[in-house]
Amino acid sequence: MTSTAGVAPPLDVPGTGTGPTPGAPPEVPPETGRRRGKTGYLLLLPGALWLVLFFVVPFYSLVATSLYDPAGSDFRGYEMTWAVGNYVDALQEYWRPMLRSLWYGALATLFCLVLGYVLAYAIAFKAGRWKNLMLVLVVAPFFTSFLVRTLSWKLILADDGWVVNTLQFLQVLGEDGRLLATPVAVVAGLTYNFLPFMVLPLYASLDKIDPRLVEASSDLYAHPAVGFFKVTWPLSLPGVVSGTLLTFIPASGDYINAELLGSPNQRMVGGVIQSLFTDANDYPAAAALSMVLMVLIVVMVLLYVRRAGTEELL
């Protein structure tokens, strides 16, 4: 009589139908994969329809309007004549407001970067239990209208306001000196209004940095400034790139700050486009100028991202 004690049971042989192969992934019915693919497309459908209705269609209308006959017609309105010269005319007539807008937007972005980086760094590393409160204070201005915030700066920088009086007392401004209707007021308004767009992306990047990396730089006897530029600054570049884009793009196209805080000498291209659409009813010129501004900003953004972008953004 043969004993079976201590003998291992027979293993299932693949392909014999005796059982699944050990370690093999479970079989997935082909229908499940198809359902997942369809579900993904269905989830993307509302967003795609939104982009088509509120971006593609208006963009097509803007491009078509920029090619209308600039002379127009009294009884038929504008006609499509593929007038590419509208772009040349728009640049020749309004190149100064265009460059001024890009310059003011760049200055406001630079000031937002300096101020926003300090504030975001303080919130991320020094705020402690007050971190959430400080973040709420950063976002708090958004609960007030953009127009009201800009009008408040008009009161702050008024000729008889305390800011001008203090600067005159310190002899920074002359007796007849003023801040309103100057580039200083316009850039200050842009910096204030768009500062949260810089702070939040910077905070998101700085908050993800492991403090042990900063401590390691100090343990290696690195100067705090050297440790900042070798560790903190490179790790925060995604927030820097995102924040500068979110600040520069709307600041360059803004016109409320220039209208309320500036003068005709500080007029930005956004105000020119608005007046061409609403006051002069020159739709082809306004559309052509809008397209030129859009193309310039897109080219600048692409060059900037290629030059200073990070792997997360690209």
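The values are calculated or read from the model by the stated rules, or taken from the named source; none is laboratory data. The model shown is predicted, which means the values in this text are computed figures rather than measured ones. Here the Cβ is made from the backbone with ideal geometry for all residues, glycine too, and neighbour counts use every protein chain on show. All accessible areas refer to the heavy atoms of the entire protein, side chains included, with ligands and DNA or RNA removed. Shrake-Rupley method; radii C 1.70, N 1.55, O 1.52, S 1.80 Å.
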Check: of a type in the set (G, A, S) and within 26 Å of the chain's Cα centre (by Cα) - does that describe any residue in the range 227-238?
Finding: yes
Notebook entry, point to check: Looking at the range 212-236, which of its residues are surrounded by 15 or more Cβ atoms within 10 Å (Cβ to Cβ) and in contact with a Leu (Cβ under 9 Å, 6 or more places away or on another chain)?
Noted result: G227, V231, T232, L235, S236
Margin query: Pairs needed: first member in the range 117-144, closer than 16 Å to L206 by Cα; second member anywhere, in a loop (DSSP other than H, G, I, E, B); C-beta distance under 6 Å; at least 6 residues apart or different chains.
Written below: M134/A127
Next item on the list: Could you please give the count of residues in the range 157-211 that are of a type in the set (F, W, Y) and either open to solvent by less than 20 Å² (accessible area, probe 1.4 Å) or within 23 Å of T232 (Cβ to Cβ) (or both)?
Entry: 3
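One line per residue, one yes/no per condition, for (1) aromatic (F, W, Y); (2) assigned to a helix (DSSP H, G or I); (3) modelled with pLDDT of 90 or more; (4) closer than 30 Å to M300 by Cα:
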{"site": "L45", "(1), (2), (3), (4)": "no, yes, yes, no"}
{"site": "W50", "(1), (2), (3), (4)": "yes, yes, yes, yes"}
{"site": "L53", "(1), (2), (3), (4)": "no, yes, yes, yes"}
{"site": "T109", "(1), (2), (3), (4)": "no, yes, yes, yes"}
{"site": "R129", "(1), (2), (3), (4)": "no, yes, no, no"}
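Considering only the range 85-111, state which residues are of a type in the set (A, V, I, L, M, F, W, C), within 21 Å of A71 (Cα to Cα) and open to solvent by 10 Å² or more (accessible area, probe 1.4 Å). Don't jump to the end; show me each part of the working.
Here is the first cut: in the range 85-111, the residues of a type in the set (A, V, I, L, M, F, W, C) are 88, 90-91, 95, 98-99, 102-103, 106-108, 110-111.
From what is left, the residues that are within 21 Å of A71 (Cα to Cα) are 88, 90-91.
V88, L91 - these are the residues of the range 85-111 that are of a type in the set (A, V, I, L, M, F, W, C), within 21 Å of A71 (Cα to Cα) and open to solvent by 10 Å² or more (accessible area, probe 1.4 Å).
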Note to self: I'd like to check something: does the range 137-146 contain any residue that is surrounded by 16 or more Cβ atoms within 10 Å (Cβ to Cβ) and either of a type in the set (K, R) or closer than 24 Å to P238 by Cα (or both)?
What the structure shows: yes
